[in-house]
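The values are calculated or read from the model by the stated rules, or taken from the named source; none is laboratory data. Computed from a predicted model, the values in this text were never measured in an experiment. When we count neighbours, we look across all protein chains shown, and the Cβ atoms used for this are built from the backbone with ideal geometry, even at glycine. Ligands, DNA and RNA are stripped out before the accessible areas are found, and what is left, the full protein with its side chains, is counted by its heavy atoms. Shrake-Rupley method; radii C 1.70, N 1.55, O 1.52, S 1.80 Å.
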Amino acid sequence: MPTPVSFADLATAAYCPRQLYYRRMEDAYDLPASVERVRDLASRYPTLVEASDAALRNTVAVEPATYRARLGAVLTRYPGLASPDETDVLLTGKDCRGRVAKIVSPLAPTLVSPGEPPETGVWEPQKVRAVAAAKALAWRERAPVEYAYVEYPRHGIVREVSITTRAKAAYRRVLRAVRGMDGPPSRLGDDAKCGGCDYRERCGVRTRSLSSLL
């Protein structure tokens, strides 16, 4: 049986396969401290929903009143996020492996994102990672897992990811790409992605400024 691919590798490849290639060449990848702080927020929802403006300010990404309203609605709809069955769980499935922030009832994994949510749904790399987590949990439990959740704790938002046929197909495409990677993949040449990439100088992608486009 092939070695399980990490959730992180799948998410990175879904964003840019070439970025994963360069990341794998490094000796180690350190998780930023800011990510740990956001994960801590996700474990304190019951207190955050009642916190004062002073306690929330400079901690969350929106106005305190907006945050409390959003988080209150989230906890009403998904009460299990405040009292998960398991936390910080390492899941190993048939094809993939990684950590999830929580496992909640009905059976579903949750992932925590330090960034901003899109206007609707979740970002594509997060969807691929959510499918991977759901499949690994289903493998562990020998039971179907139909949903996963992506939490954006700084914004008081949680998005549900349905494990649809289309979502699973996207996951499988990325999984095949990661397992088949034996050299640097083609460059994306995507200004939006390449401009903020830590490996853009090594990659050799030339991003264009607004002035050059005009």
Any idea which of (1) under 24 Å from G195 (Cβ atoms); (2) free of Cβ contacts under 8 Å to residues at least 40 places away in the same chain; (3) of a type in the set (A, V, I, L, M); (4) open to solvent by less than 50 Å² (accessible area, probe 1.4 Å) is the one V38 doesn't satisfy? (2)
Just one of (1) in a helix (DSSP H, G or I); (2) touching a helix residue (DSSP H, G or I) at 6+ places or on another chain (Cβ under 7 Å); (3) within 20 Å of Y147 (Cβ to Cβ) trips up A73, so point out which. (2)
Being without any contact (Cβ under 8 Å) to a residue 12 or more places away in the chain and either surrounded by 16 or more Cβ atoms within 10 Å (Cβ to Cβ) or of a type in the set (V, I, T) (or both) narrows it down to one residue among T47, T12, T59; which is it? T47
How do the pairs read when you match residues in the range 141-157 that are under 18 Å from E86 (Cα atoms) with residues anywhere that are surrounded by fewer than 24 Cβ atoms within 10 Å (Cβ to Cβ) and of a type in the set (D, E), using Cβ under 6 Å and keeping only pairs 6 or more apart or on different chains? Y147/E160; Y149/E160
Residue that is modelled with pLDDT of 95 or more and within 23 Å of A33 (Cα to Cα), where the choices are S52, S113: S113
Kindly provide the set of residues from the range 155-193 that are closer than 27 Å to V38 by Cα, modelled with pLDDT under 80 and surrounded by 15 or more Cβ atoms within 10 Å (Cβ to Cβ), ordered by number. K193
Cβ-Cβ distance below 7 Å, separation of 6 or more or different chains: which pairs start in the range 87-98 with a residue that is within 13 Å of V112 (Cβ to Cβ) and end on one that is at pLDDT 95 or above and open to solvent by 90 Å² or more (accessible area, probe 1.4 Å)? D88/R99; V89/R99
Looking at L20 and the list (1) modelled with pLDDT under 95; (2) not in a helix (DSSP H, G or I), which single condition is not satisfied? (2)
